[in-house]
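Remarks on the structure that follows.
The values are calculated or read from the model by the stated rules, or taken from the named source; none is laboratory data. If you're wondering where the values come from, they're calculated on a predicted model, not measured in any experiment. Please note: Cβ atoms are built from the backbone with ideal geometry, for glycine as well, and neighbour counts cover all protein chains shown.
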Amino acid sequence: MMVIGGIFVIVAAMVLVNFKKGENNTAFLLATEEVASNIRKTQTQTLTGSTQEEIVASGGFGLYFDIGAADQYVIFRDDGNQIYESGNDTIIETMILPPNITISSLSNDPLTIVFQPPKPTIYINGGLIDDSADIYLTRENIDDKQGHININRITGRITSELESL
């Protein structure tokens with residue numbers, strides 16, 4: 001009976017450890033998906049011609065990422081120059097990442113993504129040169145994975161996934 005009880009305790013301990021690791025991975029995946037979802041939402045706002053404070057965003061809507069503020073990013077209404085300028089562009093919302101999750105790297109730092117109507121045309125850091133932009137997220141206590149969000153300027157496709165390191 002003691003051997004069976006010992007085996008049961010060992011199996012139960014292994015299940016609990018793996019459950020916590022799986023829970024952390026799921027929370028990390030959800031945070032990565034949320035960033036991608038906000039990028040898609042901004043793209044949709046441009047397609048539908050949404051207004052903010054009753055002013056149509058003829059310059060489009062955009063997102064601004066900066067490693068210097070690795071726990072947040074900004075959604076803004078662009079003034080038409082396809083790049084984020086804190087004095088000229090209207091901040092719609094500052095998005096705070098969940099605890100323990102930060103932006104670890106960007107394809108360009110800082111990174112501005114602007115969707116300009118009517119198509120929407122996608123501008124990466126004010127230009128049409130780069131074909132895509134990448135955002136990488138990390139989470140404390142998860143050393144073997146990173147969140148990856150890719151924005152393809154040509155197709156408009158936005159993907160997100162957890163990648164093994």
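Selection of the stretch 106-143 for residues being over 27 Å from Leu47 (Cα atoms) and loosely packed, with under 15 Cβ neighbours inside 10 Å yields Glu140, Asn141, Asp143. Given the criteria polar (S, T, N, Q), over 14 Å from the mean Cα position of the chain (by Cα) and crowded, with 19+ Cβ neighbours inside 10 Å, does Gln146 qualify? Against the criterion (polar (S, T, N, Q), over 14 Å from the mean Cα position of the chain (by Cα) and crowded, with 19+ Cβ neighbours inside 10 Å), Gln146 does not qualify.
The C-beta contact set for the stretch 23-40 (first residue closer than 15 Å to Ile103 by Cα and crowded, with 17+ Cβ neighbours inside 10 Å, second residue modelled with pLDDT under 95 and among the basic types (Lys, Arg), distance under 6 angstrom, 6+ apart or interchain) comprises Phe28/Arg139. Residues in the stretch 85-106 that are assigned to a loop (DSSP other than H, G, I, E, B) and either of a type in the set (Lys, Arg) or modelled with pLDDT under 95 (or both): Glu85, Ser86, Gly87, Asn88, Asp89, Pro98, Pro99, Asn100. If you go through the stretch 34-76 one residue at a time, how many are at pLDDT below 90 and in a strand (DSSP E or B)? Number satisfying all stated conditions: 4. Taking Ile113, is it within 22 Å of Gly156 (Cβ to Cβ) and touching a Leu at 6+ places or on another chain (Cβ under 6 Å)? Against the criterion (within 22 Å of Gly156 (Cβ to Cβ) and touching a Leu at 6+ places or on another chain (Cβ under 6 Å)), Ile113 qualifies.
Please verify whether Asn100 is closer than 25 Å to Ala31 by Cβ and without any contact (Cβ under 8 Å) to a residue 60 or more places away in the chain, treating the condition exactly as stated. Here the answer is yes, as Asn100 does meet what is asked.
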